[in-house]
Amino acid sequence: MKQAFPAVIVLLLLAGCQSKADKSFVINEAARARIDSVLKSMVDTGRVAGVSALIFEKNKEVYFNAYGFSDREAKTPMDRKTIVRIFSMTKPITGTALMKLYEEGKFSLDDPLSKYLPEFSNLNVFKGYDAKGKMILEKPNRDVTIRDITRHTAGFITNLPDTTTELGKLVKKADVMNLENNLHQMGQKLGSLPLTFHPGEQWAYGPSVDVQALLVERLSRKPFDQYVEEIVLGPLSMRSTHYVVDANDMKNFAAVYRREGKRLDRVPDADANKFNTKKWPLTPGGWGLTSTVDDYMRFARMLVNKGTFDGVTILKPETITLMSTNQLPDSVTERMWLPGKGQVGFGIDFAVRTNPPKSADENNGAVGEFFWDGAASTLFWVDPTNSITAVLFVQVFPFDGKLHKKFRDAVYGTYKPQ
C-alpha cells in the first residue's frame with residue numbers, strides 16, 4: 001500500500017519546485033515586485049492616468065497588472081479589456097502583411113518601388129534653394145527600393161517645412177495624409193514631392209509604411225484593411241484590433257491625456273477619437289489601429305515563436321529572422337532620433353538591438369531583441385534570447401521614452417556592464 005504524504009510536505013515540495021522554476025526565469029518574484037512598483041509610481045506621480053503591462057516568458061504568462069484609469073474622469077479602471085490607440089505599433093503588423101506577399105514571390109526587397117507603384121517613377125531629390133528661392137532638384141542616385149520603405153531610408157519628406165518656402169507650399173498643398181485620401185491618392189501625392197535625401201543615404205522616420213500599405217493593396221488586389229484582417233488579425237484571433245472601434249466597445253476605449261509639466265490634461269474626445277470612430281478613405285499602414293494588451297500579445301508571441309502561434313502559421317521562420325535582422329549598413333550614419341532608442345539598428349518595421357547598453361543611462365534589453373512603440377507612449381518588444389514578449393500600454397502625449405526606460409529596468413534588473 002502506498003504511503004500518503006502529509007499535505008504540508010506536498011505543499012513544501014511544490015513550493016520548492018516553483019522556487020527553482022522561478023529562478024530560471026527573468027521575470028521572477030523580484031522582477032514582478034519591481035514592475036509593480038514602477039507601474040504604480042507612474043500613476044501615483046501623475047505621469048499617466050493609467051497603465052497596464054503584460055509579459056510572457058517561455059510561452060507562459062509571467063506578469064500582468066494594471067494601475068489607474070483608462071478614463072480618469074469616468075473612473076473606469078485600466079484593465080485587460082481596455083482598448084488603446086497603438087499608433088506606430090501598427091507598423092509591424094503592416095510589415096507582416098507585406099512579408100506574406102514576399103513569401104509568395106510577389107516582389108524582392110531590392111526591386112525598385114516604381115516597378116509596382118508607378119506613382120514613384122519620376123522622383124527628384126531636394127538639394128536646397130537658389131538665389132531666387134527656387135528649389136534645386138536633382139535626380140536620385142538610384143531608385144527607391146522596397147527595402148528602403150521597410151527600413152525608412154527612402155528619403156520621403158517627413159514633416160511640413162516652412163510653409164513660406166516653395167517646398168513648404170508644395171507639401172501643404174499636397175496634403176498627403178488627409179484622411180479623405182485613399183491609399184492610391186496618398187501615393188500619387190507623395191510621389192509628386194521631392195525626396196529629402198538620396199535613397200539609402202539616411203534613416204528618417206516618415207510615411208514609408210503607409211507606402212507599404214499601398215504596395216500591399218496593389219499586389220494583393222484587395223483593400224489593405226481587408227488583407228490585414230484576412231492574413232494577420234483574423235488568423236491570430238486579434239478580435240479587438242481594428243481601425244474603427246465598435247460602438248459596443250466604446251466603453252472600453254481609453255481616453256488620451258497630455259502632460260504639461262505636472263499637469264495631466266484630457267485630450268478632447270472629439271480630437272482623440274476622430275480617426276477611430278468612423279471609417280475613413282485612408283487606411284494608413286504606419287498608424288491608426290486600436291488594440292487590447294492581450295490582442296497585441298498574440299501578435300508578439302507569433303513573432304517570438306518564429307511565425308507560428310496557436311496552431312496558425314503567419315510567416316515562415318526565415319522570414320521572421322529576416323525581419324528582425326538589422327538592415328542598416330554602417331554607411332547610414334544620419335539616423336534622426338533612432339540612436340536615442342539604444343544600441344540599435346533597424347530591420348523590417350522594427351528596431352533591432354545590435355549591442356548591449358553601454359551605460360545605465362541607455363534602454364535596457366538583450367541583444368537580438370526587436371521592438372517598436374507608439375506615439376501615445378505604448379511599447380512592445382520581442383526578446384528571442386530569453387523568449388520574452390512584453391507589451392506596455394498607456395495613452396499619454398507627448399511621447400515619453402522615460403516610461404519605457406523605467407519599465408525595461410524593472411523587467412531586466414540593475415544594469416550590468418558587459
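Bear in mind these aren't lab numbers, they're just calculated from the coordinates by the rules spelled out. Given the structure is predicted, the values throughout are model-derived calculations rather than measurements. Note that we place each Cβ from the backbone using ideal geometry, even for glycine, and neighbour counts take in every protein chain shown.
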What lysines sit close enough to residue 127 to cross-link, taking a C-alpha to C-alpha distance under 23 Å and skipping anything fewer than 8 places away on the same chain? 139, 169, 172, 173, 189
Between the Cα axis of helix 208-220 and the main Cα principal axis of the chain, the angle (0 to 90°, nearest 10) is 90 degrees
What is the order of 280, 287, 337, 381, fewest Cβ neighbours within 10 Å to most? 337, 280, 287, 381
Gain in length, residue 139 to residue 116, computed as 0.36 nm per residue apart minus the alpha-carbon separation, to one decimal in nm? 6.3 nm
Proxy reagent accessibility, fewest Cβ within 10 Å first, across 354, 313: 313, 354
State the extension gain, in nm to one decimal, for the chain segment bounded by residue 58 and residue 312, taking 0.36 nm per residue of separation less the distance between their alpha-carbons. 89.6 nm
Ordered by packing density, taken as the mean number of other Cβ atoms within 10 Å over each peptide's residues, highest first, how do 38-45, 253-260 rank? 253-260, 38-45
Within-14-Å neighbourhood charge of residue 95 [Cβ basis; K, R +1; D, E -1]: 0
Relative intensity, log₁₀ I(q)/I(0), of the chain from a Debye sum that treats every alpha carbon as a point, q = 0.06, 0.10, 0.12, 0.14 Å⁻¹: -0.26, -0.71, -1.01, -1.35
Taking every other residue with Cβ under 12 Å from the Cβ of residue 410 and scoring Lys and Arg +1, Asp and Glu -1, one gets +4
For the stretch 142-150, what does the Karplus curve 6.51 cos²θ - 1.76 cosθ + 1.60, with θ = phi - 60°, yield as ³J(HN,Hα) per residue in whole Hz, taken in order and with x for Gly and Pro? 7, 6, 5, 9, 5, 4, 4, 7, 8
Can you sort 104, 229, 369 by how many other beta carbons sit within 10 Å, fewest first? 104, 229, 369
Note the angle between two axes, namely the Cα long axis of helix 29-44 and the longest principal axis of the Cα atoms of the chain, as a number of degrees from 0 to 90, rounded to the nearest 10. 60 degrees
Cβ-derived FRET efficiency at R0 41 Å, residue 80 paired with residue 163, nearest 0.05: 0.40
Less than 28 Å apart at the alpha-carbon level, and either on another chain or at least 8 residues along: which lysines does that give for residue 251? 40, 75, 81, 91, 262, 274, 278, 279
Net charge near residue 175 (other residues with Cβ under 12 Å of its Cβ; Lys, Arg +1; Asp, Glu -1) is +3
Among 342-353, 402-413, how do they line up from the highest to the lowest mean number of other beta-carbon atoms within 10 Å? 342-353, 402-413
For a Förster distance of 60 Å, can you work out the FRET efficiency between the beta-carbons of residue 124 and residue 29, rounded to the nearest 0.05? 0.50
Rounded to the nearest 10, the angle in degrees between the Cα long axis of helix 91-103 and the longest principal axis of the Cα atoms of the chain comes to 80 degrees
The stretch 107-219, dipole about Cα centre (Lys/Arg Cβ +1, Asp/Glu Cβ -1), debye to the nearest 20: 240 debye
Under a plain spin-label model, where a point goes 7 Å from the Cα along Cα-to-Cβ, how far apart in nm are residue 40 and residue 184? 5.7 nm
Can you give the helix-only mean residue ellipticity at 222 nm for the chain, where every DSSP H stretch with n ≥ 4 adds -39500 (n - 2.57) and the sum goes over all residues, rounded to the nearest 500 deg cm²/dmol? -8500 deg cm²/dmol
Subtracting the Cα-Cα distance of residue 321 and residue 221 from 0.36 nm times their residue separation yields 33.3 nm
Taking the Cα centre as origin and putting +1 on Lys and Arg beta-carbons and -1 on Asp and Glu beta-carbons, what dipole magnitude results for the chain, to the nearest 20 debye? 600 debye
Go through 190-200, 241-251 and give me the packing order, highest mean Cβ count within 10 Å leading. 190-200, 241-251
With the dipole of the chain worked out from charges on the C-beta (+1 for Lys and Arg, -1 for Asp and Glu) around the Cα centre, which of 26, 83, 122 lies farthest toward the positive end? 26
